[in-house]
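The next block holds one structure in the form of structure tokens; read it before the comments.
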Amino acid sequence: MQENQSSPQPEVELTSAAEASPEAASAENPETASVDTLPSLEEQLRQAELKSAEHYDAWLRAKAETENVRRRAAEDIQKASKFAIEKFATELLPVKDSLEQTLAVANPTLESIREGVELTLRNLARAFERGNLTELDPVGAKFDPHQHQAMSMVESDQPANTVVQVFQKGYLIEGRVVRPAMVAVSKAKD
């Protein structure tokens, strides 16, 4: 007796290529794949609006911060200009004190007045030094139109354009001219 039994066939499930592998489907039909992965227009618009609102908020914050920085800088400048002279004024107070003491002497002599004036001048020089106010006394120096103001030209044995006389001293603060020195400048002899 021969048994005619065949072995059971494995069931083959028929599935489409798209169901089996999405990558394979997208490779076959790129339009379908891009439609599935791209967000809808409404979603893109919503995301763009969110991003726009975020940027607008950041811009408002930056604008407010800039305005605050500008306002604080203006206040600092105003305070600096208002109180810049405070230190120098403090240094000048001993000068005024010396003058008042000199004038307060009941029976001033020429010697006491001279001592008072010398003390006042020393206090003034100390105040200038602490305020970085330096003196320009350019006798013998070459004429510099940035620091000197020529009042006259005189014949001299000095080389031409040499300062031979100072009528009024000049002053500098940190190298910047506060007042130019008024000078006479040499010229060649005829």
Original post:
Which one is modelled with the lowest pLDDT, of the residues in the stretch 135-170 that are buried (at least 17 other Cβ atoms within 10 Å of the Cβ) and farther than 11 Å from Val185 by Cα?
Top reply: Leu136
Original post:
Could you count how many residues in the stretch 63-92 are under 27 Å from Arg130 (Cα atoms), open to solvent by 100 Å² or more (accessible area, probe 1.4 Å) and in a helix (DSSP H, G or I)?
Top reply: 7
Subject >> Conditions (1) surrounded by 11 or more Cβ atoms within 10 Å (Cβ to Cβ); (2) at pLDDT 90 or above: number failed by Pro108 >> reply: (2)
**OP:** Scan the stretch 111-134 for residues that are open to solvent by 50 Å² or more (accessible area, probe 1.4 Å) and among the polar types (S, T, N, Q) and jot them down.
**Re:** Asn132, Thr134
**OP:** Can you give me the number of residues within the stretch 131-146 that are within 18 Å of Glu86 (Cβ to Cβ) and touching a Lys or Arg at 6+ places or on another chain (Cβ under 8 Å)?
**Re:** 1
**OP:** Restrict the check to the stretch 68-89 and report whether at least one residue is in contact (Cβ under 8 Å) with a residue 40 or more places away in the chain, within 30 Å of Met182 (Cβ to Cβ) and in contact with a Lys or Arg (Cβ under 7 Å, 6 or more places away or on another chain).
**Re:** no
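The values are calculated or read from the model by the stated rules, or taken from the named source; none is laboratory data. As the structure is a computational prediction, the values presented were derived from the model and not from experiment. Note that we place each Cβ from the backbone using ideal geometry, even for glycine, and neighbour counts take in every protein chain shown. For the accessible areas, the whole protein counts, side chains as well, though only heavy atoms, and no ligand, DNA or RNA atoms are used. Shrake-Rupley method; radii C 1.70, N 1.55, O 1.52, S 1.80 Å.
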